[in-house]
Amino acid sequence: MNKRVTLRDVASHTGVHVSTVSRVLRGDDVRVAPATADRIVAAARELGFHRDRWAASLRSGKTGVIGVLVPRITDIVLATVFEGIDAAAAAAGYQAVVSSSWDDDEARALRIQRLIGERVDGLIIGDARRNDPMLARLAADGVPFVLVSRASRGFPSVTGRDRLGGRLAAEHLIDVGCRRLAVIAGPGHASTSADRVAGFLAAAKARGVPVDPRWVAPSTFDVAGGASAMAGLLGTGRPDGVFAVNDFAAIGAMGTLRDHGLRVGREVAVVGYNDIDVDAQLLVPLTSIRTPLRDMGSQALHALLALLGSGSTTSVRLDPELVVRATTADFSPQATEAVARTVALPEVSRVVTPVN
């Protein structure tokens, strides 16, 4: 069995004191000459040295591990955010570990306690509630954390400028000629939903196209939720413009519109949010509000490192961008008015998922 390479081995190989080797290999090399630091890193690589995080944690009280909590790692939006966190963590000499809460209060409490029990240096929380007692408890217990994607008043977060994104969606739908606007609003506990809807409604009202409250439908963030919400909206009338606060919900809504005999993009314009990769590949490519998700994750990691280093950090808001595709670019007010004059829309007896 090969002998484990130690800090003393690297020190002996380079002729440098072991404390200097330790500082360089844990990333604290500001007081070490660059040439010496480079020589230590090269020697460690040559000898096959691997830092023992747990042994180091006994001396420093730090593990070099960051815990990340997301609603579900299978969600491409949060998975992309995590990619940004993970890459930034690795570059800074940290390890990021992720856990899914499934947006369930009991599950998230258990996951957070397990991460704390594993002695993570800090948390990045991607499933925060708008009013979240758990965050106040974590802060009172001195647990360092930063929120990502979702915000909660009073706590540091890195998010998109979601109200602005909602405004961009409303203004675009009105600019292409939509006048009967509906919103698939997502869950009320998420700031992403609430802020996007608030921005949309305020912009529509300012443009003289107020939204009927009956046409603001809560939903989940998935395809099934969007499909179900759209079916409910069609039961009360027919909008000519639909804003969904999440691309998966928008895709579900498109499937329901199709199954009611409506041409998405021609008779009903649709805007989603997040601009996931599949949007451009749909049979009718989806107009969406793009947020720089990887950058969001990277900035959340750096915000947490600032908190760990100085005890304070600042919130960051990233600008969204409208990406126009066929679900709005081909909209025809004349076509939608013709459909609006028909006696009734065909009914469907089932909710069908959208084309992929």
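The values are calculated or read from the model by the stated rules, or taken from the named source; none is laboratory data. These figures come from a predicted structure and were not determined experimentally. A quick note on method: Cβ atoms are made from the backbone with ideal geometry, for glycine too, and the neighbour counts reach across all protein chains shown. Only protein heavy atoms, including side chains, enter the accessible area calculation; ligands, DNA and RNA are left aside. Shrake-Rupley method; radii C 1.70, N 1.55, O 1.52, S 1.80 Å.
Structure data summary
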quantity: Subset of the stretch 318-330 (residues that are open to solvent by less than 70 Å² (accessible area, probe 1.4 Å) and closer than 30 Å to Arg258 by Cα); calculated: Pro320, Leu322, Val323, Arg325, Ala326, Thr327, Thr328, Ala329
quantity: Which listed residue is over 28 Å from Phe248 (Cα atoms) and in contact (Cβ under 8 Å) with a residue 24 or more places away in the chain, from Ile124, Ile85, Ile73, Ile116; calculated: Ile116
quantity: Near pairs, Cβ below 6 angstrom, 6+ apart or cross-chain, from the stretch 258-272 (under 11 Å from Ala326 (Cα atoms)) to any residue that is of a type in the set (Phe, Trp, Tyr); calculated: Ala269/Phe331; Val271/Phe243
quantity: Odd one out for Ser315 among (1) open to solvent by less than 40 Å² (accessible area, probe 1.4 Å); (2) touching a residue at least 60 places away in the same chain (Cβ under 8 Å); (3) not hydrophobic (A, V, I, L, M, F, W, C); calculated: (1)
quantity: Among residues of the stretch 273-307, those that are in contact (Cβ under 8 Å) with a residue 24 or more places away in the chain, open to solvent by less than 50 Å² (accessible area, probe 1.4 Å) and more than 18 Å from the chain's Cα centre (by Cα), counted; calculated: 8
quantity: Near pairs, Cβ below 7 angstrom, 6+ apart or cross-chain, from the stretch 142-155 (within 24 Å of Arg119 (Cβ to Cβ)) to any residue that is assigned to a loop (DSSP other than H, G, I, E, B) and open to solvent by 10 Å² or more (accessible area, probe 1.4 Å); calculated: Val146/Pro156; Val146/Thr313; Leu147/Phe155; Leu147/Pro156
quantity: Verdict on Gly309 being in a helix (DSSP H, G or I), at pLDDT below 95 and either in contact with a helix residue (DSSP H, G or I) (Cβ under 9 Å, 6 or more places away or on another chain) or not β-branched (Val, Ile, Thr) (or both); calculated: yes
quantity: Considering residues of the stretch 88-107 that are assigned to a helix (DSSP H, G or I) and in contact with a strand residue (DSSP E or B) (Cβ under 9 Å, 6 or more places away or on another chain) only, the residue farthest from Ala306 (Cα to Cα); calculated: Ala107
quantity: In the stretch 81-113, residue farthest from Ser22 (Cα to Cα) [restricted to those that are of a type in the set (Val, Ile, Thr) and open to solvent by 30 Å² or more (accessible area, probe 1.4 Å)]; calculated: Val98
quantity: In the stretch 253-272, the residues that are closer than 27 Å to Ala198 by Cβ, open to solvent by 10 Å² or more (accessible area, probe 1.4 Å) and not in a helix (DSSP H, G or I); calculated: Val264
quantity: Condition check for Gly241: touching a Cys at 6+ places or on another chain (Cβ under 7 Å), under 23 Å from Leu164 (Cβ atoms) and touching a residue at least 40 places away in the same chain (Cβ under 8 Å); calculated: yes
quantity: Members of the stretch 222-233 found to be open to solvent by 20 Å² or more (accessible area, probe 1.4 Å) and touching a residue at least 40 places away in the same chain (Cβ under 8 Å), listed by number; calculated: Val223, Ala224, Ser228, Ala231
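Per-residue answers, yes or no, for (1) open to solvent by 30 Å² or more (accessible area, probe 1.4 Å); (2) closer than 26 Å to Gly126 by Cβ; (3) touching a Ser or Thr at 6+ places or on another chain (Cβ under 7 Å); (4) outside any loop (DSSP other than H, G, I, E, B):
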{"residue": "Ile174", "(1), (2), (3), (4)": "no, no, no, yes"}
{"residue": "Gly177", "(1), (2), (3), (4)": "no, no, no, no"}
{"residue": "Pro210", "(1), (2), (3), (4)": "yes, no, no, no"}
{"residue": "Arg214", "(1), (2), (3), (4)": "yes, no, yes, yes"}
{"residue": "Thr220", "(1), (2), (3), (4)": "yes, yes, no, no"}
{"residue": "Thr236", "(1), (2), (3), (4)": "yes, no, no, no"}
{"residue": "Ile251", "(1), (2), (3), (4)": "no, yes, no, yes"}
